[in-house]
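J.: Encoded as structure tokens, here's the structure I'll be asking about.
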Amino acid sequence: MSENAKNLKKIKNKGLAVAVALSVGLVAGIPMIVLGATNGITAVMVIGIVLVVLGFYGAPVAWTQYASKAGYSSTLAAIEEEDIDTIEAIAQHLGKRDKTVRASVDWLISHGCLKGYTVDKDGNIKDSVKKPRTRGFVDVGKCPNCNAPLEWTADAVVCPYCGMTVKRRDSEDKK
């Protein structure tokens, strides 16, 4: 696991802990209110009210934020493990909009989960630590036969796993 992936995991784990704590507080606060009110223990009742309010309003927000952070993992993997180096190619690979991927990459960079990376105005992702990447293919989506990532070679779009050749849309336009 890369250092960047470890940083993202730490951030996700903190978010998970907050979401779980708020959810547990919501559930625990209800009996505290009842016990505090029926036994005349004002402090327990007040703590119960605070836990219920924080849990009721905070838990959905915390779970939503955790889910969005968990979604950044696929963007990070596309950049580091699959060597996809443009916003457009990542968006196509993940089935997301360019704007969404750009926001994910910007978040990853700003939160230290893509150290050494920058994005230019054209959406090219540069790694200042490594040498520029050279590849013989660009990832262009999923194979309709086996769902593996497709490779766009100079001649065609070919699945590296099952060998299926997929017709490119732009090849029809050239005729």
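J.: Test of understanding: ordering H111, H93 by Cβ neighbours within 10 Å, fewest first, what list do you get?
T.: Fewest-to-most ranking of H111, H93: H111, H93.
J.: Quick one: Debye curve from the C-alpha atoms of region 3-127, no solvent, what's log10 I(q)/I(0) at q = 0.14, 0.20, 0.22 Å⁻¹?
T.: Reported log10 I(q)/I(0), two decimals: -0.66, -0.99, -1.11.
J.: C143's amide H: which non-local residues (gap 5+, or another chain) put their own amide H closer than 5 Å, with H modeled 1.01 Å from N in plane and none for Pro or chain starts?
T.: A148, L150
J.: Okay, next question. Can you flag which of K69/K96; K69/K121; K69/K142; K99/K121; K69/K115; K121/K142 are past 22 Å Cα-Cα?
T.: K69/K121; K69/K142; K121/K142
Values quoted throughout were computed directly from the atomic coordinates according to the rules given, and no laboratory measurement underlies them. No experiment lies behind these values; they were computed from the predicted model shown. For neighbour counting, all protein chains shown are included, and Cβ atoms are generated from backbone atoms with ideal geometry for every residue, glycine included.
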